[in-house]
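To start, the structure itself, in C-alpha cells.
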Amino acid sequence: METPIEVSGLVKTFGRTRALDGLDLTVRAGEVHGFLGPNGAGKSTTIRVLLGLLRADAGAVRLLGGDPWRDAVALHRRLAYVPGDVTLWPTLSGGEVIDLLGRMRGGLDPKRRAELLESFELDPRKKGRAYSKGNRQKVGLVAALASDVELLVLDEPTSGLDPLMEEVFQHWVHRAKQDGRTVLLSSHILAEVEALCDRVTIIRNGRAVESGTLGELRHLHRTSIDAELAAPLDGLADLPGVHDLRVDGTRVRFDVDGAALDTALRRLTELGVRSLVSKPPTLEELFLRHYETTPVEVNA
Amino acid sequence: MSTLTGTRHLVRLILRRDRFLLPLWILVLAVLPMTYATSFFDLFPTEAQRAAYAAGTARNPSIIALLGPVYGDSVGALTAQRGGFLLVIIGLASLLTVVRHTRTEEEAGRRELLGSTVLGRYAGLTAALLVTYVADLLLGLLTAAGLASTGLPAAGSYAYGLAAALTGIAFATIGGLAAQLTETAGGARGIGIAVLAAAFALRLVGDTASNDWPSWLSPLGWAARVRPYAGERWWVLALPLIVSALVAAVAYPLSVRRDLGAGLLPPRLGPATGGTALTGPFGLAWRLHRGQILWWSVGFGLLGLILGGAAKAAGRSVEGNPQLEEIMARIGGASGLAEAYLGATLSLAGLAAAGYGVQAALRMRAEEAAGRAEPLLATETHRATWLLSHVVFALLGPVVVLAVTGLATGLTYGLSVHDVPGALPRMLGAALAQVPAAWVLAGFAVLLYGLLPRLAPVAWGVLAVCVLLGQLGAVLKLSQWLLDLSPFTHTPQTLRDHWSATPLWALTLLALLLAAAGLTGFHRRDVPTT
C-alpha cells in the first residue's frame, strides 16, 4: 500500500515570509498522524499545499501517490478536508452544505450522516449564518466523516467544540481508523493528539523538529522523578543528564534524560528508596521544551 | 453609561479604516461640479450661446430624464443641472458608507467584539451616521467653494453645495435604517439601492411629465428645486432634513429593540438535506446568485415600464417650438426623438447591467476571502469548474437583466404608440446590444480576480471611469481616443437606421479573451491569496 503523504524539503514563501522552510512529513497508511505546532508554525500552509491549493516553491510532495497540484481533482475524490475555521454560506442550511460537500467528494454514507448528526447533536435545518463557531465546525466534521474517503485531512478541526463534543470527535476518529482510513490531524491541543495519534510530527517555524511515535519522542526526553530516600542525597548533581535537582532533606526531585535514567535510579536505590513517583513528560512539556525554552537541537 | 458612550472611539475606527476611501469620494465628487462650470465658461462665452444651449437642454427629455430640469440660462444654472446625476452618486456613496460601518460589521461579527467594550447602544449607528454626515457636509462646502472660485455667485454655489450635502445626508440616514432591517449587509445595500432607484424613477417621471409633483416626493428631486443660481429657494433645504430626522426616528428605536446580529425578520429554518439541484458548483452558484438576478430583473423591469411609458410624452415635448420641431422632423419627428431618448436610457441600463456583471464576478473574491472557496476546491471540483460556475452568472446576468429591461420598455412604449409588435423587438434588440460592452467589464473583473485578486475591486473603478467618460466626455470635450477606451463608446445605436454589428462581435471576443486570461491566471495562483 502506498504512503498517503510524503513530503520532503517543502518550501513555501509568501513575499518575504518563509512560511515553510524545508519541511519533512510522512504519514503512513492507516495511521492517525498528529501534526503539532503553535499558531503560525506552518500547519495550515502545509495542508493547503497538500490539497493543491497552494503551489510548493521547492521540495517533493506526494499525496496518495500523486502530485497534489497537478492531480488535484483526481486526488480530492479520495480525501475529505475540514478547515480550522469552517465558514458557511449564510443562506444555505447546514444539511444542505453537508450534502453538497459530500456529493462533490463523490458521495456520502446516509446512515453514517444520520448517526453523526445525532452524536454531534447538530440541527441540520439551521441556516449557515445562524450557527455558532462550534456548530459550523460540526457541519464541516459531519460532511467529512460521512464521506467515503481513504484520507481525512483535519486542520485543527475541534476549535470551538466543548469537551463533550471533543469526546464525540475522538470516538469518530477512532472509528475512521478502524475502518482503515488514514488521518492527518493538525492540532495544538496536546491531550487530543495524545489520545488519538499513533505518530506525531512537531513543526516549528516551517520545519519539522521531531517526528515519531509518542514513545519514541518520550525516549528522547526527560523523566520527572520525585523520590523519598532513606538517607540524605549526595553526588547526584554532577551526574550528566540530571537537571533541575532540588533536595529538601531526604526528598529529591529532578528531571533526568532518558539515557541517564538507569544510572540515576541505581544511585537512588543505593541510598534506599522509601517512595518514588516517576512521570513521563506530557506533550505539553515536550512542546514547552521546543517552543518556550532555549533552542533545542533538531532531531531528525 | 450613556447610550452614546464610545461613539468617539468608533468614529476614530471608521476614519482609520476609511482613511483613503472617504477623502477619495469627497474630493472626486466635490471637484466635478467645478470642472462643469469651467467647461461651460469655455464652451459658451456669450449669453446668446448659453441661451441657445439652455433652450435646447430644456427641451431635451433624455437630458432632463438623466440630470433633472434646468432653471435659467446662466452658467450657474447649467452647472447645477449638469451636476444632477452626481446627486445619485453622492446618495449611493453615503448609504453604502453607513451600511459598511453598521450591518457589514455586525454580520462579520466584529461589532460583537466591540459591543463587549464600553459602548453605548446608540454608539454604532451614531458613529457611522456622524462620519457620513460630516463627509457629506465637507463635500458640500468644498463643492461650494470650488464653484465660487470659478466666478459663480456665492449664494448659488452654497445653495448647490448644501443641497448636494443634504441629499447625501438623507440617503446616509436611509442606509442607517436599511441596516436595521436585514441580517445581511447585502440585503441592507439592496434595500438602500432600491430606495435610491425609486427616488430616481420618481424624479425622472416628475421632471419629464407636465406636472412635476412626483419630483417633490423624491429626495433626488429637491436639490434642483432649491434652484441654485436661479432665485434660491432656501426653504426646500428643510425637506431632506425633515426626512432624515423622520428616518432616523425609526432607525434608532429599531437598532436597540433588536438583538445584535438580528434583523427585523426572524431567520427561517432551511431544509435538513440538500435538494436534487444542489449537487455541485453550478447548483451552489445558482443558489448564491438567484436572489440578485431576481431583484435586479424586477427593478429593471419596473424602470423599463416607466421609461417606455414616458418616451412618447418626451418625444412630444418639442411641440410648440417651431424651430425645434423642424429640427426634429429632420431626424424623424417626435417618434425619432422618443427613440433617441429610449436609446439613451437603455445605454444607461447597459452601464448598470455591467455593474451586475462586475458584482457577480467579484462574488468569487468574496467567497475566497471568506474561506468558502477552499473546502470546495478540496473536493473533486476542478478550479475551472468553480470559476465558470460564477462567470456564467457574470455573463448571463447582464443578458437577463437587459432582456427584461428591453421587453418592459418595448411593451409600454409599444402600447403608447399602438404598435407593440413593432416596438417590442426593436427595444429588446437595443437593450441586448448593450450586452457585449457589459461583458467586457465583467470579463475585466474576472481577469483581475484570476491574475491580481487583491486588486479585483479595481473593476468597480473601471466601471466608474466608463460612466464618467460616457456622461462627461462630450461636456469636457475629451479627445476621441480617450472616449474609445470605454467599451460603451463602441456600442452601436441600433434604434437608428444604420448601424454595424461588427463592434458587438469585437467586444464579445474581447470579453471572452479577458475572462480566459483570468481563468489561466486562476489556474496558476495560490488559493486563498490574502
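Largest GNM mean-square fluctuation among A:Val86, A:Val252, A:Val149, using chain A with Cα springs under 10 Å: A:Val252. Every Cα-Cα pair in region A:222-280 was counted, and those over 18 Å apart are 18% of them. Taking A:Ser275, A:Ser211, A:Ser132 as the candidate residues, the one with maximal mean-square fluctuation in a Gaussian network model of chain A, Cα springs under 10 Å, is A:Ser275. Answer rounded, prolate or oblate for chain B, using the Cα gyration tensor with square roots of eigenvalues a ≥ b ≥ c: rounded when a/c is under 1.5, else prolate when a/b is larger than b/c, else oblate. In terms of gyration-tensor shape, oblate. Between 0 and 90 degrees, the angle of helix A:133-145 with respect to the longest Cα principal axis of chain A falls at about 80 degrees.
Between B:Leu509 and A:Asp198, the FRET efficiency from the beta-carbon distance, with R0 = 45 Å, is close to 0.20. The gain in end-to-end length when the B:Arg258 to B:Ala238 segment is fully stretched comes to 4.1 nm, 0.36 nm per residue minus the alpha carbon separation. In this simple spin-label model, placing a label point 7 Å from the Cα along the Cα-to-Cβ direction at both A:Ser278 and A:Gln178 gives a separation of 3.5 nm.
A cut-off under 12 angstrom between Cβ atoms defines the neighbours of A:Glu2, and their net charge, with Lys, Arg +1 and Asp, Glu -1, is +1.
The helix-only estimate of mean residue ellipticity at 222 nm for the protein assembly as shown, built from DSSP H runs of length n ≥ 4 each weighted as -39500 (n - 2.57), is -19000 deg cm²/dmol after division by the residue total. Sparsely packed loop sites in region B:189-266 (the trypsin sites (Lys or Arg not before Pro) outside DSSP H, G, I, E and B with at most 16 other Cβ atoms within 10 Å) comprise B:Arg233, B:Arg258. Ordering B:Val465, B:Leu519, B:Thr529 by Cα displacement along the dipole of chain B toward the positive end leaves B:Thr529 in first place; charges were set at the Cβ atoms of Lys, Arg (+1) and Asp, Glu (-1).
Of the trypsin sites (Lys or Arg not before Pro) found in region B:1-80, those that fall in a DSSP loop while having at most 11 other beta-carbon atoms within 10 Å are B:Arg19. Panel note: the C-alpha atoms of region B:289-530, placed on their principal axes, show extents of 69, 38, 27 Å (largest first). For the pair B:Leu485 and A:Asp109, a Förster radius of 56 Å applied to the C-beta separation gives a FRET efficiency near 0.50, rounded to the nearest 0.05.
In this label model, A:Ala191 and A:Glu118 are separated by 2.7 nm, measuring between points 7 Å along each Cα→Cβ vector.
Test of understanding: what is the full-extension gain from B:Val420 to B:Ala249, defined as 0.36 nm times their sequence separation minus their Cα-Cα distance? Additional length available on full extension: 56.9 nm.
A Förster radius of 22 Å, combined with the Cβ-Cβ distance separating A:Ser8 from A:Asn205, puts the computed FRET efficiency at roughly 0.80.
Seen from A:Asp24, the other residues with C-beta closer than 10 Å to its C-beta sum to a net charge of 0, counting Lys and Arg as +1 and Asp and Glu as -1. Note on B:Arg268 and B:Arg16: the model spin-label points, each 7 Å out from Cα along the C-beta direction, lie 4.1 nm apart. Suppose we flag chymotrypsin sites (Phe, Trp or Tyr not before Pro) only when DSSP calls them loop and at most 16 other Cβ atoms lie within 10 Å. Which is the longest uninterrupted stretch of chain B? The longest uninterrupted stretch comes out as B:21-498. Put simply, region A:28-162 fits an ellipsoid with semi-axes of 26, 17, 14 Å; these come from the alpha carbon gyration tensor as the roots of five times its eigenvalues, largest first. Taking the square roots of 5 times each eigenvalue of the Cα gyration tensor of the protein assembly as shown, largest first, gives ellipsoid semi-axes of 66, 30, 23 Å. With coordinates expressed along the principal axes, the C-alpha atoms belonging to region A:120-223 extend over 50, 28, 26 Å, beginning with the largest. Using Cα-only point scatterers and the Debye equation, what is log10 of I(q)/I(0) for region A:89-156 at each q in 0.14, 0.15 Å⁻¹, rounded to two decimals? The Debye formula, applied to the Cα set alone, gives -0.36, -0.41. Are any of the pairs A:Lys43/A:Lys133; A:Lys43/A:Lys138; A:Lys12/A:Lys138; A:Lys111/A:Lys133 more than 27 Å apart by Cα-Cα distance, and if so, which? Check vs 27 Å cut-off fails for A:Lys12/A:Lys138.
Over every Cα atom in region B:127-259, the radius of gyration and the widest Cα-Cα span, Dmax, amount to 15.9, 53 Å.
Please state the charge dipole magnitude for the protein assembly as shown, taken about the Cα centre, from unit charges on C-beta atoms (+1 on K and R, -1 on D and E), reported in debye and rounded to the nearest 20.
1700
The alpha carbons of region B:47-134 stretch over 66, 21, 14 Å along the principal axes, in descending order. Taking a Cβ cut-off of under 13 Å around B:Ala197, the surrounding Lys, Arg, Asp and Glu residues balance to a net charge of +2, with basic ones at +1 and acidic ones at -1. The Cα center of region B:146-212 and the Cα center of region B:389-417 differ in position by 26 Å.
Between region A:139-166 and region A:233-260, the alpha-carbon centres lie 44 Å apart.
Both numbers refer to the Cα atoms of chain A; Rg and Dmax are 22.8, 73 Å. On full extension, the segment bounded by A:His243 and A:Glu228 gains 3.6 nm, given 0.36 nm per residue less the C-alpha separation.
List the GluC sites (Glu not before Pro) within region A:54-124 that fall in a DSSP loop (any state other than H, G, I, E or B) and whose Cβ has at most 16 other Cβ atoms within 10 Å.
Listed in order of number, the matching sites are A:Glu121.
Each value in this text was obtained by applying a stated rule to the coordinates, not by laboratory testing. Computed from a predicted structure; not experimentally measured. Virtual Cβ from ideal backbone geometry, glycine too; neighbours counted across all protein chains shown.
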